[in-house]
1. Check A:VAL8: other-chain or 5+ apart residues with amide H under 5 Å from its amide H, H built from backbone geometry?
2. Could you tally the net charge around A:ARG269, taking each other residue with its Cβ under 15 Å from the Cβ of A:ARG269, Lys/Arg +1 and Asp/Glu -1?
3. Around A:GLY379, which amide H atoms from residues at least 5 apart in sequence, or from another chain, sit under 5 Å from its own amide H, with H modelled in the peptide plane?
4. 7 Å from Cα along Cα→Cβ at both A:SER470 and B:ASP77: what's the point-to-point distance in nm?
5. On a straight-distance basis, which aspartates and glutamates could pair with A:LYS429 in a cross-link, Cα separation under 14 angstrom, same-chain partners fewer than 8 positions away excluded?
6. Of the peptides A:262-275, B:84-97, how do they stack up when ordered by the mean number of other Cβ atoms within 10 Å, highest first?
7. Radius of gyration and Dmax for the stretch B:135-292's Cα atoms, expressed in Å?
8. So for the pair A:SER261, A:ASN578, with labels modelled 7 Å out along Cα→Cβ, what separation do we get in nm?
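Please treat every number below as a calculation from the coordinates, not as lab data. Please read all numbers here as calculations on a predicted model, not as lab measurements. Neighbour counts run over all protein chains shown; Cβ positions are idealised from the backbone, glycine included.
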Amino acid sequence: MSRIGVFVCHCGENISRTVDVEKVAAEAGRLFGVAYTCDYKYMCSDPGQNLLKKAVAEHKLEGIVVAACSPRMHEKTFRNAAKAAGVNPFLCEMANIREHCSWVHEDRDEATAKAIDIVTMMVERVKRNKKLQPITVPVTKKALIIGGGIAGIQSALDIADSGHQVVLVEREPSIGGHMAQLSETFPTLDCSQCIMTPKMVDVVNHPNITLHTYAEIEAVEGYIGNFQVKVRKKARSVDMAKCTGCGVCMAKCPQKKIPNSFDKNLGFRPAIYVPFPQAVPNTPVIDRENCTWFKTGKCGVCQKVCGPGAVDYTQEDEIVVEQVGAVVVATGFQLYDIGPKPAGSAIEGYGEFGYGTIPDVIDGLTFERLASASGPTGGKIVRPSDGAEPKSVVFVQCVGSRAREKGISYCSKICCMYTAKHTMLYKHKVHDGQAYVFFMDARTPGKGYDEFWRRSIEEEEAVYIRGMVSRLYQKGDKVVVMGSDVHIGVQVEIEADLVVLATAVQPREGADTLAQKLGISYDKYHFYSEAHAKLRPVECATAGIYLAGACQGPKDIPDTVSQASAAAAKVMTLFARNELEREPIVAKVNERFCVGCLACRKVCPYGAVEEKEIRDRSGNLIKVVAYVNPGVCGGCGTCQATCPSKSVELDGYTDEQIMAMIEAL
Amino acid sequence: MTPAKNILNYSYYPGCSLHASAKEYDESTRGLFKALKIGLHEVPDWLCCGATPAHNVDELLSLSLCAKNLELSNQVDGDLAVACAACFSRLKVTQHRLAENEEKRHQVAYALDAPLALDKPVKHLLEILATDFGLDRLAAAVQKPLSGLKVACYYGCLLTRPPDVPELDDCEDPSIMERVIGATGAETVSWSHRMECCGANFTLSRPGVVLKLSGEILASAKRGGADCIMVACPLCHGNLDIRQKEIEEASGRHYGMPVFYMTQLLALAAGVSTSKLGFGSMMVSPVSLLKEKGLL
């Protein structure tokens, strides 16, 4: 005979609007084994939790059902309250009558009937719950950071400064990310390189940071506190220990005409190269696709000229395995490729803008390289077509952003500000030039941001035209911009020397594949999803994995740095403990019935199933059975569904419990 | 391609213009389909699609006219082939709007006093030629290659817009006309104004607007190096062809740019007799151009 308490929550009006909560409580009171019921406006609040604790004491409750929101939201809250009241927390369950009921139904009577059903099922389940004890697991106090842009660098430095070990993995040959490509930064116009490169040096010199550049994540296994990560270090063809970074190999390489992607293909680099002079590490890589040695087996100039003998053509990809306790994902963004629509893409192209066919139509990042002192033109703003100084430049905002008809409905957040910055940089370098900006809205929330934007109009004389651009075309050596000015209701045509498109911010190519390796979720655009949009903005729903920077959504530098430090703080909180408590919802094998077919091992996604030999006292083998390692088991229940002899069950989700829940309907 | 696909058969909605000012579009369409051995059977008793005026003054009228036409089209087998860009747009828009709005469906059914039958696939000639018939077969059917003829393909406003409706091609950067005429060996030019408005119905109420907008289209085609313009819309044709002399007078520029319906050029390439292509009813005569290119 059990004594169960049912606590029905109104969730403000979220539940009570569609569900008659008083009726649910009254009906629950009639169920066999229910000793107490009540309803309350906010069960998760302090008075609500006290209600629960008091009821446990007064009515000697042995099990608790909280009919409220999803267990993902507040299961932990109420289990803690149960624990405080002296009830084993695993005898407390949530009946989800919000997400599964009130939010998705309109008819009050039907919703109430369904809520009663849900509560009835959970009562049957709690009756059969066992008292479970949490499993403790050790924490590996070492963090993995994926991505070496400003987000990854900031997280890495913060965690390393707190005394913990950090492994930083970067796909490109150098860390620095997009911020290293920028010229000057809003809203203060300080030089990006000047604030970025010292941080890059700090990373490489930090005793607690292990840096893997030109490397990618191959596979991730394990769980919070105990991840095993395989990192593929791509063959650099240069021995990092021997190379002094003198640069003779780059100077002597006969292949000099390879477009430099760091400069948005405006400049050239050799086949053995560092992406930019301030690269960290300052060790070149050989681009094997373009290297004459790798293509024809002839040349070998770089090896001949290398004093320390660091060039090694035989180097192969290397797999490094790292044990870490936490992961910060900071893979950043890329700009929307604005050519014609790619085949099979859900996102329409912008063929009508002629990007890729009209040389003087460029994107914002290309303009950054033109304006950068370390860029291909040394900071002189010229047109790509003929190298002339453009006297009129048209900037177009929201290319791909906020464009539902093209497939992207979100705002890219940074373009209003960087376009305002571009107009200033342009005016500072071409005094007699005129900048025009086509914009939908100027979105400038941020400290000093609106003042900055006003300055571009009032002091730097940029002409802002509210309206969209429909088409760009080449006419002689000009690019004609056809657009509209919605303020005065006319069509506008501007003949420009250069057109700069503020294209949408998208997650990095391959963001979805990485998410699948990590087991984290992402939205339809492949931005990674945080656990809660407001209250857990840097954590993933997957424990132990944190987010920093534009991989989670478009972000500027100050926001990125804030989020990166927040992610680092979360990692430090985790590392402050020596052991973690894990939910004991794990599979257990009934060794009496297990026949050792190990079908469970084939389906286990966590690799938690092992073979176990059962021997008699004299050591003779009786049989082989399956054994589930509770430290590794993720509690998914796949083995339970697979087992032909029904000998493996998940605690809290036994067949008996599930059948009882179904029968209760 | 499966053998069954080789026998193509369509119901045909010509629309008012093709029985009047755009007779040559109708004639050349029939000629082309006959030459390509594609069946084309006119829907009996079809009505006006309502064109621009109907949907400007009364949406229910506009939807009902097209819904009636779709119902009538079921008398004839085969997907519904449409030549006129405006008719195509109205029929497609009607299917789209009624599919997404139950209330409007009820209103239209009430207005027609009959259950709705909207499911007949509506296809523009371009889609039939490019997809159903296929560009390879089209190229194989060419008897008189148009090589050397530089064609500016003009889409106008309605063929591909609004973005979610016609599903013919990329809304702002299409290539279907270029691909279709390219199959005849003609050279297509790259030009700026192929998607701009010609001025449309303003040709009657404010011709000055048309002279300006259509003038820019002609200037752009000339700049692109075109010998002629190819259209799929009777109204665009009227503005670019009939108004061309006035445009020349107003702008002081000479264009002499023949404006063909797409089927006139395609039928010419497919070997249809020139007497059946209605070249005589074009205001800007194409004769000297076609002679120069050895096509007449």
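1. Hits under the 5 Å cutoff: A:CYS38, A:ASP39, A:TYR40, A:ALA67.
2. On the way: positive: A:LYS252, A:LYS256, A:LYS257, A:LYS264, A:ARG288, A:ARG369; negative: A:GLU172, A:ASP263, A:ASP287, A:GLU289.
Local charge sum for A:ARG269: +2.
3. Those qualifying (amide H under 5 Å, at least 5 residues apart or on another chain) are A:SER372.
4. Roughly 4.4 nm, to one decimal.
5. A:GLU184, A:GLU368, A:GLU389, A:GLU460, A:GLU461
6. Values: A:262-275: 20.9, B:84-97: 24.4.
Result, highest mean Cβ count within 10 Å first: B:84-97, A:262-275.
7. 15.2, 45
8. 4.7 nm
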